[in-house]
1. Inside segment 9-18, can you point out the residues that are touching a residue at least 24 places away in the same chain (Cβ under 8 Å) and open to solvent by less than 60 Å² (accessible area, probe 1.4 Å)?
2. So which residues in segment 20-29 are part of a helix (DSSP H, G or I) and either farther than 23 Å from Tyr50 by Cα or open to solvent by less than 60 Å² (accessible area, probe 1.4 Å) (or both)?
3. Would you be able to tell me the number of residues in segment 30-63 that are open to solvent by 100 Å² or more (accessible area, probe 1.4 Å) and touching a helix residue (DSSP H, G or I) at 6+ places or on another chain (Cβ under 9 Å)?
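The values are calculated or read from the model by the stated rules, or taken from the named source; none is laboratory data. Since the model is a prediction, treat every value here as computed from it, not as a measurement. Positions of Cβ are backbone-derived with ideal geometry, glycine not excepted, and every protein chain shown enters the neighbour counts. These accessible areas exclude ligands, DNA and RNA; they are computed on the full protein's heavy atoms, side chains included. Shrake-Rupley method; radii C 1.70, N 1.55, O 1.52, S 1.80 Å.
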Amino acid sequence: MTRSRASAKAAGHNLERSQADYWAVCLNDERIDIRPRNGAKDRGDIGGIYLPHGGRLVIECKD
């Protein structure tokens, strides 16, 4: 199966959405969501995850 650019982008977005929703439910934190795109200055796909010791976590997703 070959992928077009559009199908690859859609698959990536679907993975990001499912992961953001999963972590928001598991950690009971509605601040967890997909981060806006910033081109070359992109800082990850999912943000808003705060660790118990006070740090922050950003997730980069690949499909």
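1. Ala11, Gly12, Leu15, Glu16
2. Ala20, Ala24
3. So the answer is 4.
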